[in-house]
Amino acid sequence: MTKPGRVFSIEEFSTFDGPGIRMTVFLKGCPLRCPWCHNPEGQRFAVEYLRARNGCTGYCAPEMFERVLAVCDFVLYDLKLYDAGAHKAVCGVDNTLILHNYRTLVRSGKAFITRVPLIPGITDTEENLTALAAFMRDCGVTAAEVLPYNSLQGSKYASLLRQYAFIPGKEIPPERVELIFSSFGIRADRI
Ligand code: SF4
């Protein structure tokens, strides 16, 4: 059964989240619950009033993903944690679908960018970045965008009567990130 989407923001002149300039429409109902999320108004399907920008997950049934992919000409795809158990513990859902849909995206021949948010102590660990880089290499991917953690990320929570409880750990040095990805033949562009 299908249900209509709910828009929480429209950016008419967006220069973030990908190349070029475009109008960006942001939908509510993200199924993940990343504790560092800077668009908490996108996590719930219910109406909330606040503006923001983002683009994320890949967590949906493969048939649904293929249908949406068929009408896309460019995809921004986030990979956060490679380990399924860690992904579930941190983001609230297992990442099997996310990795499966990523492979589908790569095979599709559509233009895309892989984005890896560097969340200190969570996604930016040596172990996780190495696993993600190996996975991307195995998929045949040679470039990624790495997104440093933004310490202002929690600023919207108060207006939603929620508390931003995430406390970042120690950041990995930028040159280490580059080295990990390059050792798998992947260029990591810091955004
Ligand atoms: S960070 Fe992205 S994927 Fe995670 S909860 Fe927020 S919008 Fe969803």
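Laboratory data are not the source of any read-out in this text; all were calculated from the coordinates shown. The model shown is predicted, which means the values in this text are computed figures rather than measured ones. In this analysis, Cβ positions are derived from the backbone assuming ideal geometry, glycine residues included, and neighbour counts consider all displayed protein chains.
Tabulated data for the structure shown
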read-out: Efficiency of FRET from Cβ geometry, Ala143 and Met64, R₀ 30 Å, rounded to 0.05; value: 0.70
read-out: Average silhouette area of the stretch 44-191, convex hull of alpha-carbon atoms, in square nanometres; value: 9.5
read-out: Length-normalised contact order for the stretch 7-190 - Cα pairs under 8 Å, 6+ apart - percent; value: 20
read-out: Potential extension, Thr130-Lys170 segment - 0.36 nm per residue separation minus Cα distance; value: 12.7 nm
read-out: Leu160/Glu12 FRET efficiency (R0 35 Å; Cβ-Cβ; nearest 0.05); value: 0.90
read-out: Pairwise label distance in nanometres, Leu152 with Ser182, each label 7 Å out on the Cα-Cβ vector; value: 3.1
read-out: Charged-residue dipole, Cβ positions (Lys, Arg, Asp, Glu), the chain about Cα centre, Debye nearest 20; value: 520
read-out: Under 22 Å between alpha carbons - lysine pairs in the chain that sit 8 or more apart or on different chains; value: 9
read-out: Relative contact order for the stretch 85-191, counting Cα pairs under 8 Å that sit 6 or more residues apart, in percent; value: 32
read-out: In nm, spacing of pseudo-spin labels at Ala46 and Arg22 (7 Å Cα→C-beta vector); value: 3.2
read-out: Spin-label model distance (nm) - Arg103 vs Arg190, 7 Å beyond Cα toward Cβ; value: 3.3
read-out: Shape category assigned to the stretch 1-123 from the gyration tensor of Cα positions, a/c cut at 1.5; value: rounded
